[in-house]
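I have placed the structure first, in the form of structure tokens, so that the comments after it can refer back to it.
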Amino acid sequence: MTDTVLAFPLADRWHDFWHGEIGVWILTTGLHIALLLIGGLLAARFINWAAQRVVRRIDAEYQESDQLVRSESAKHRQAVASVISWVSVAVLFIIVLVEVTDALAVPIASLVAPAAVLGAALGFGAQRIVQDLLAG
């Protein structure tokens with residue numbers, strides 16, 4: 001009999017927690033953010049898996065030939081697949097980041113101008129890296 005008396009306050013506190021401010025936030029915004037992060041990670045894994053499959057197919061063509069060294073076109077195709085996969089993952093995470101900040105109600109409109117300048121600077125800096133990567 002004393003067990004049921006103790007269970008009621010615990011059940012009331014549990015009920016009050018999930019219907020309180022924190023519980024409602026966890027069930028709405030927190031769940032939305034968790035699903036965005038999990039979906040982003042799964043999509044990134046899929047992108048990397050697809051890129052690895054393309055690279056393996058390119059390498060399989062090399063293994064079946066009598067060449068000692070891979071051809072330049074195979075190197076270029078592998079580099080392009082690598083660049084496309086990394087750019088896709090970067091764009092995906094930027095989209096997830098924007099969605100998470102939107103779910104948290106963080107104003108990002110004031111960050112547009114600095115982000116544009118930073119993006120241009122990174123673009124010019126990465127141009128040389130991409131050229132080197134495509135050159136082999």
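State, as an integer percentage, the relative contact order of the chain based on alpha-carbon contacts under 8 Å between residues 6 or more apart.
Taking the mean separation of contacting Cα pairs over the length of the chain, I get 31 percent.
Count the net charge of all other residues whose Cβ sits under 15 Å from the Cβ of HIS19, scoring Lys and Arg as +1 and Asp and Glu as -1.
-2
Let's test the formula: R0 of 22 Å, r as the Cβ-Cβ distance of TRP14 and ASP102. What FRET efficiency results, to the nearest 0.05?
The pair TRP14/ASP102 has a calculated efficiency of 0.10.
Quickly estimate the mean residue ellipticity at 222 nm for the chain, helices only: each DSSP H run with n ≥ 4 gives -39500 (n - 2.57), and the total goes over all residues, rounded to 500.
Value at 222 nm, helices only: -29000 deg cm²/dmol.
Using the Karplus curve 6.51 cos²θ - 1.76 cosθ + 1.60 with θ = phi - 60°, work out ³J(HN,Hα) for each residue of region 105-119 in order, rounded to whole Hz, and write x for Gly and Pro.
3J(HN,Hα) across region 105-119, in whole Hz: 6, 8, x, 10, 5, 6, 8, 5, 5, x, 5, 5, 5, 5, x.
Please compute the per residue accessible area over the chain with all protein chains in place, 1.4 Å probe, rounded to a whole number of Å².
Heavy-atom accessible area per residue stands at 78 Å².
State the percentage of accessible surface on the chain attributable to carbon and sulfur atoms; use a 1.4 Å probe and exclude ligands, DNA and RNA.
71 percent
For the pair SER82 and LEU37, how long in nm is the line joining their label points, each one 7 Å along Cα→Cβ?
Reported label-point gap for SER82 and LEU37 is 3.0 nm.
Between rounded, prolate and oblate, where does the chain land on the alpha carbon gyration tensor, with a ≥ b ≥ c its root eigenvalues, rounded for a/c under 1.5, else prolate if a/b exceeds b/c?
Oblate, because a/c is 1.5 or more while a/b does not exceed b/c.
The values are calculated or read from the model by the stated rules, or taken from the named source; none is laboratory data. Everything quoted here is computed from the prediction, not taken from an experiment. No Cβ is skipped: glycine too gets one built from the backbone with ideal geometry, and neighbour counts run over all protein chains shown. Remember, those area values only see protein heavy atoms, side chains included, never the ligands or the DNA or RNA. Shrake-Rupley method; radii C 1.70, N 1.55, O 1.52, S 1.80 Å.
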